[in-house]
Amino acid sequence: MNLEVISTVLVANRGEIACRIMRTAKALGLTTVAVHSDIDRNARHVREADIAVNLGGAKASDSYLLGDRIIAAAQSSGAQAIHPGYGFLSENADFARQVEQAGLVFLGPPATAMEAMASKSAAKTLMAKARVPLVPGYHGEDQRLETFRAACMQLGYPVLLKATAGGGGKGMKVVESADELAEALASAQREAQSSFGDGRLLAEKYLATPRHVEIQVFADRHGHCLYLNERDCSIQRRHQKVVEEAPAPGLSAELRRAMGEAAVQAALAIGYVGAGTVEFLLDERGGFFFMEMNTRLQVEHPVTEAITGLDLVAWQIRIARGDPLPITQQHVPLNGHAIEVRLYAEDPEGGFLPASGRLLVYREPCAGPGRRVDSGVAQGDEVSPFYDPMLAKLIAWGESREEARQRLLAMLGETIVGGCKTNLAFLQRVLAHPAFAQAELDTGFIERHKAQLLPPAEVLPEAFWQRAAAGLLATDADRQRVDDPRSPWTRRDSWRCGLPGVARMTLVSAGQRQVVRFDATTVVAETSVFRAADTLYVRWGVDWHAVCRFDPMANADALPLAAGGLSAPMNGCIVRVLIEVGQAVEAGAALVVLEAMKMEHSVRASEAGTVSAIHCAEGDRVDEGSVLLAMEVRP
Ligand code: MV4
């Protein structure tokens, strides 16, 4: 029953999700069209597409968010359907409507279903009608203080204020007691107004450290809907998911069924079609409460694919063509356990600021049974500050959770990224943590274990420098090129006839400098070092450290700037200047707040000192690397 002919699909996205969607499209025999910004013209999703169309400038607002141009690109390339991926235009009801009005198929839900979930309070009213459990709360139109005061008194404190127009945790405020309410309400209203252009709020009973458990649903165009089990996404940092797994550890079959059926009711109530996710909060007693519905294919969909053996993108395309769901609820598989981690270009030690740069080294884990890597980059690619810094998702499947965990740890151990900071070591610490191994999951996980997950940088020991020095010598390119590697004449170490060769090198790594004296005959394991140009990557515990020979000439230029100036870590907009000229600050003090990609980042003093000049003002747009202020470092 093919109502729609789809032979060419345009993917209105970039990175790993564009690559992942095109992989299935190709497997179904479809032609693929990529769209891209100027700086993405050679990106992996473009390289892997049959056809590519340039949309415009680097900023998402000049490219991936230009709905009209994307629709024009579909028409000029002969595509009949547009897949929006996640982010960008994926939950924009106006775009979905425009796609349909242009005679194209939107590979997502109907615009009306997106709109039904766009307002939190309207969604709660709809969900209550569909008998989906809600967190007790107040979500009425009346926004007066007295009304909230009465409602909150009845709920009992603590309560949580949420912006009606918000989502994903933005603009939430916990209120501990009645005497904090007036101030919190006013503040949350202002924040909601400035963030969303809508100051309306709702109040809910605040659940301390709940779990985030979400149900994958799928509906066809004939009024049928299934749930494809759940995912536990409790391990998050500032509402950014870090680890996701399926099924949710410890969830009973009865609770799975109750949550699944509630999610299906939620989807049916809004006329849903295609892939969607209903998010719930789960409390310790097994109570579950509707949070929001994500009307898109989600980042973490691979864990569901791993335990069900289904291809959700293939289902999206078949359902858009008008096919009915191919199975019934009792035939939805649930095999084994899957865990996914998100590898980000970011700096966990530097407050998780997004990182950018060229991927000088980028090695993914080997392929194998129970292993999957969804990535959107390759070695040599540039990670730009303009887009989400996720590099790849690593997904492991096992018969048991423990098998999946061990497999994922092995995969992380095979991954090497050089040239760009990543959360790789952080992910390894999360996966290796005893509390994670015991599945002690809730939304407070990272905060609770941060001391072990973000240990202070250790002083690198002598054994590390020995390994680095030996590795550098062994991988020196001019040494490898000679015909006889044992010839004394081409050696750059301190070979001495009849005596141990004692070499002396000055090395730099992780901001530490060390003079190393070592026996040049030391052999290092190839698996613990990786050479790219002048940099050697040395494995030390779960970390890879970049090591270079110290070059006093190169450092003569770099040092005064690093010590005296603070530069923008990425392109963005200055939202706060927190200091004044002449002000004394301690190391780590926040100086300037920069907004980039809807997230705020504090630029902090690397050392204690005095601010001697400020080169930026609130509201300025700044480029990565531009100097924001000057400091005199306190000796
Ligand atoms: C809550 C809550 C506790 N009680 N609602 C965060 C994102 C947004 N979608 C809703 N969120 C929460 N709502 C009540 N009534 C705690 C959170 C919450 C959270 C939820 C899921 C995953 C991570 C979280 C981290 C902090 C807070």
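The values are calculated or read from the model by the stated rules, or taken from the named source; none is laboratory data. Computed from a predicted model, the values in this text were never measured in an experiment. A quick note on method: Cβ atoms are made from the backbone with ideal geometry, for glycine too, and the neighbour counts reach across all protein chains shown. Quick note on the areas: whole protein, heavy atoms, side chains included, nothing else; ligands and nucleic acids left out. Shrake-Rupley method; radii C 1.70, N 1.55, O 1.52, S 1.80 Å.
Quick notes on this structure:
- Consider segment 107-124 and keep the residues that are surrounded by fewer than 21 Cβ atoms within 10 Å (Cβ to Cβ) and at pLDDT 95 or above. The one that is nearest to Ile270 (Cα to Cα) is Thr112.
- Failed item, numbered, when Gln75 is tested on (1) open to solvent by 20 Å² or more (accessible area, probe 1.4 Å); (2) within 28 Å of Ala267 (Cα to Cα); (3) away from the ligand (no atom under 16 Å from the Cβ): (2)
- Segment 234-256 - residue that is more than 20 Å from the chain's Cα centre (by Cα) and surrounded by fewer than 18 Cβ atoms within 10 Å (Cβ to Cβ) and, of those, nearest to Lys393 (Cα to Cα): Pro249
- Scan of segment 523-546 for residues that are at pLDDT below 80 and touching a Lys or Arg at 6+ places or on another chain (Cβ under 8 Å), ordered by number: Val524, Thr527
- Exclusive hit being open to solvent by 70 Å² or more (accessible area, probe 1.4 Å) and at negative phi, set Thr535, Thr527: Thr527
- Segment 147-168 - residue that is in contact (Cβ under 8 Å) with a residue 12 or more places away in the chain, out of contact with any helix residue (DSSP H, G or I) (no Cβ under 8 Å at 6 or more places or on another chain) and more than 11 Å from the ligand (Cβ to nearest atom) and, of those, nearest to Ala128 (Cα to Cα): Ala151
- Residue check, Arg144 more than 10 Å from the ligand (Cβ to nearest atom), in contact (Cβ under 8 Å) with a residue 12 or more places away in the chain and surrounded by fewer than 13 Cβ atoms within 10 Å (Cβ to Cβ): no
- Filter pass, Phe88 being outside any loop (DSSP other than H, G, I, E, B), touching a Leu at 6+ places or on another chain (Cβ under 7 Å) and surrounded by 19 or more Cβ atoms within 10 Å (Cβ to Cβ): no
- Of the criteria (1) out of contact with any Ser or Thr (no Cβ under 6 Å at 6 or more places or on another chain); (2) closer than 22 Å to Pro109 by Cβ, which one Pro354 fails: (2)
- Residues (assigned to a helix (DSSP H, G or I) and either surrounded by fewer than 17 Cβ atoms within 10 Å (Cβ to Cβ) or charged (D, E, K, R) (or both)) located in segment 410-429: Ala410, Gly413, Glu414, Arg429
- In this entry, Ile82 is excluded by the filter for residues that are surrounded by fewer than 22 Cβ atoms within 10 Å (Cβ to Cβ) and touching a Phe, Trp or Tyr at 6+ places or on another chain (Cβ under 9 Å).
- Some residue of segment 320-330 being free of Cβ contacts under 8 Å to residues at least 60 places away in the same chain and open to solvent by 20 Å² or more (accessible area, probe 1.4 Å): yes
- Positions within segment 45-71 being open to solvent by less than 50 Å² (accessible area, probe 1.4 Å) and assigned to a helix (DSSP H, G or I), in sequence order: His45, Val46, Ala60, Gly67, Ile70, Ile71
- Residue in segment 125-141 that is surrounded by the fewest Cβ atoms within 10 Å (Cβ to Cβ), counting only those that are more than 16 Å from the ligand (Cβ to nearest atom) and within 19 Å of Gln265 (Cβ to Cβ): Lys129
- Among all residues of segment 110-124, there is at least one that is part of a helix (DSSP H, G or I), in contact with a Lys or Arg (Cβ under 8 Å, 6 or more places away or on another chain) and within 16 Å of the ligand (Cβ to nearest atom).
- Any strands (runs of 3 or more DSSP E) falling wholly within segment 169-262 and containing at least 1 residues that are within 14 Å of the ligand (Cβ to nearest atom) and either out of contact with any Leu (no Cβ under 9 Å at 6 or more places or on another chain) or of a type in the set (Val, Ile, Thr) (or both): 173-175, 211-219, 225-237, 240-246
- For segment 277-319, filtering for residues that are modelled with pLDDT of 95 or more, more than 14 Å from the ligand (Cβ to nearest atom) and either more than 18 Å from Ala18 (Cα to Cα) or among the charged types (D, E, K, R) (or both) leaves 11.
- Filtered residue count, segment 306-333, keeping only those that are in contact with a helix residue (DSSP H, G or I) (Cβ under 6 Å, 6 or more places away or on another chain) and over 30 Å from Asp94 (Cβ atoms): 1
- Selected residue [under 16 Å from the mean Cα position of the chain (by Cα) and farther than 30 Å from Glu402 by Cβ] from Leu325, Leu360, Leu353: Leu353
- Any hit, segment 275-295, residues being in a helix (DSSP H, G or I) and surrounded by fewer than 23 Cβ atoms within 10 Å (Cβ to Cβ): no
- A count restricted to segment 126-158 and to residues that are in a helix (DSSP H, G or I) and more than 31 Å from the chain's Cα centre (by Cα) stands at 13.
- Residues (under 19 Å from Thr147 (Cβ atoms) and buried (at least 21 other Cβ atoms within 10 Å of the Cβ)) located in segment 185-218: Leu185, Ala188, Ala192, Leu201, Leu202, Ala203, Glu204
- Unmet requirement for Gly156, which otherwise passes all of (1) loosely packed, with under 15 Cβ neighbours inside 10 Å; (2) at pLDDT below 95: (2)
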